[in-house]
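I have placed the structure first, in the form of structure tokens, so that the comments after it can refer back to it.
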Amino acid sequence: QVQLVESGGGLVQPGGSLRLSCAASGIIFNVYAMGWYRQAPGKQREQRELVATITSAGSTNYADSVKGRFFISRDNAKNTVYLQMNSLNPEDTAVYYCNARRYFAGYLSDYWGQGTQVTVAS
């Protein structure tokens with residue numbers, strides 16, 4: 001059974017930092033691309049926004065809105081992906097979801113965590 005368990009969310013003041021973690025089990029972690037997505041208040045699941053991704057080789061990609069502020073990393077020995085979030089602003093308020101994705105032999109494996117709430121407010 002595949003599980004992605006996020007942690008590290010919470011309430012932070014504007015300008016503050018948080019570090020999200022996502023621990024994966026039930027998959028061969030080091031062959032999966034990992035990502036963080038977020039769903040802002042009032043938005044539907046289909047409007048979930050990509051925040052950052054990291055491939056199995058370690059290549060990263062970021063949404064323009066978080067470039068230079070957020071940093072994604074992975075520790076294959078711990079089956080964990082991280083999202084370091086700096087200079088947070090109220091527009092970053094959302095539920096943040098961890099994603100594991102792999103294309104292999106024409107088949108897509110796509111898994112999601114349950115989400116962790118990040119609220120940026122004074």
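The values are calculated or read from the model by the stated rules, or taken from the named source; none is laboratory data. Worth saying up front: this structure is predicted, and the values here are computed from it rather than measured. Heads up, the Cβs are rebuilt from the backbone with ideal geometry, glycines too, and the neighbour counts pull from every protein chain shown. We work out accessible area using only protein heavy atoms, side chains counted, and drop any ligands, DNA or RNA first. Shrake-Rupley method; radii C 1.70, N 1.55, O 1.52, S 1.80 Å.
Take the conditions open to solvent by 60 Å² or more (accessible area, probe 1.4 Å), under 14 Å from the mean Cα position of the chain (by Cα) and farther than 15 Å from residue 112 by Cα and apply them to residue 76. Does it pass? The answer is no for residue 76. Is it true that residue 20 is surrounded by 12 or more Cβ atoms within 10 Å (Cβ to Cβ), in a strand (DSSP E or B) and in contact (Cβ under 8 Å) with a residue 40 or more places away in the chain? So residue 20 passes the test. If you scan segment 96-120, which residues turn out to be aliphatic (A, V, I, L, M) and under 20 Å from residue 59 (Cα atoms)? Selection gives 100, 108.
Only one of the numbered conditions (1) closer than 23 Å to residue 88 by Cα; (2) open to solvent by 50 Å² or more (accessible area, probe 1.4 Å); (3) not β-branched (Val, Ile, Thr) is not met by residue 62, and that is (2).
Of the candidates 38, 48, 69, 102, the single residue that is crowded, with 18+ Cβ neighbours inside 10 Å, touching a helix residue (DSSP H, G or I) at 6+ places or on another chain (Cβ under 9 Å) and of a type in the set (Lys, Arg) is 38.
Which condition does residue 93 not pass, out of (1) open to solvent by less than 70 Å² (accessible area, probe 1.4 Å); (2) free of Cβ contacts under 8 Å to residues at least 60 places away in the same chain; (3) closer than 20 Å to residue 60 by Cα; (4) not aromatic (Phe, Trp, Tyr), if it passes all the others? Single failed check for residue 93: (3).
Of all residues in segment 37-54, those that are modelled with pLDDT of 95 or more have Cβ atoms under 7 Å from Cβ atoms of residues that are acidic (Asp, Glu) and open to solvent by less than 100 Å² (accessible area, probe 1.4 Å), 6 or more apart or on another chain, in 37/49; 38/49.
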